[in-house]
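Inspection log for the structure reproduced underneath, given as structure tokens.
Where a number appears in this text, it was derived from the coordinates with a stated rule and is not lab data. Just so you know, these numbers come straight off a predicted model, no measurement behind them. Don't worry about glycine lacking a Cβ; one is built from the backbone with ideal geometry, like all the others, and counts go over all protein chains shown.
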Amino acid sequence: MTHSDIDKKLSGILKKYQDNFFEKVYVDNYNATDVLMESFGITQELKRENKQFWGRQLGMCWQFLVVELCKNTCSDYGNALKFGSNEPCDLVLGNDAIDTKYRVGSGDSGTLKKFKQYGVFLKEKSYRPVLLFLREDNLPTAINACKAGGWYIYTGKETFSYLQKKTRFDLYEWLCFHRDKKTFFVYRSGG
């Protein structure tokens, strides 16, 4: 698959979300942005209008980008695994069972229990549980629960380095290119 083919597939995902964001104009007190937010021109001010919406949408966009990139560049790509009716990971690359997360901000006991259980489950199935977080402002309690479950955790730049090593495609540079070109910016109408 060529760089151009990958660009088209990944651009299709960002275009879909750009269209969705146009229809919604809805973060917390944390004022930093990330490269995915910046690719859409989403500010913390805009994100504060509906944190749950933006977090969920950016999380799904992040997942789709990583899955599509890996599916089209890695010969050892495999689909998500099942654990009952749940999926403990979004994709498999060789022995790495990868779950993508935009960030983790929930410290509720159910979420923490799932992280631990899924990590143990994946290890029992001879996989290396890997979490790829885009953001670095994750809840420490949740990160500790992931570690207790045996997950290998990558955040921010570590995540992009991991992906570049596996895919031979610089997703961070690609997102920065589109950020700088404002290709997928979401502009508010009327105000």
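Comparing Cα centroids, the range 66-98 and the range 133-187 end up 16 angstrom apart. For the chain, the Kirkwood radius over C-alpha pairs fed into Stokes-Einstein at 20 °C and 1.002 mPa s yields D = 124 µm² per second.
Remark: spin-label model distance ASN79-SER4 equals 3.1 nm, labels positioned 7 Å along the Cα→Cβ axis.
Taking other residues whose beta carbon is less than 11 angstrom from the beta carbon of CYS146, and scoring Lys, Arg as +1 and Asp, Glu as -1, yields +3. A simple charge model with +1 on the Cβ of Lys and Arg, -1 on the Cβ of Asp and Glu and nothing else charged puts the dipole of the range 27-144 at about 420 debye relative to its Cα centre. Ratio of Rg to Rh for the range 102-152: 0.96 [Cα atoms; Kirkwood radius as inverse mean 1/r over pairs]. Of the listed pairs LYS116/LYS182; LYS15/LYS125; LYS101/LYS125; LYS123/LYS166; LYS51/LYS125, which have alpha-carbon separations greater than 30 Å here? Where the Cα-Cα span goes over 30 Å, the pairs concerned are LYS116/LYS182; LYS15/LYS125; LYS51/LYS125.
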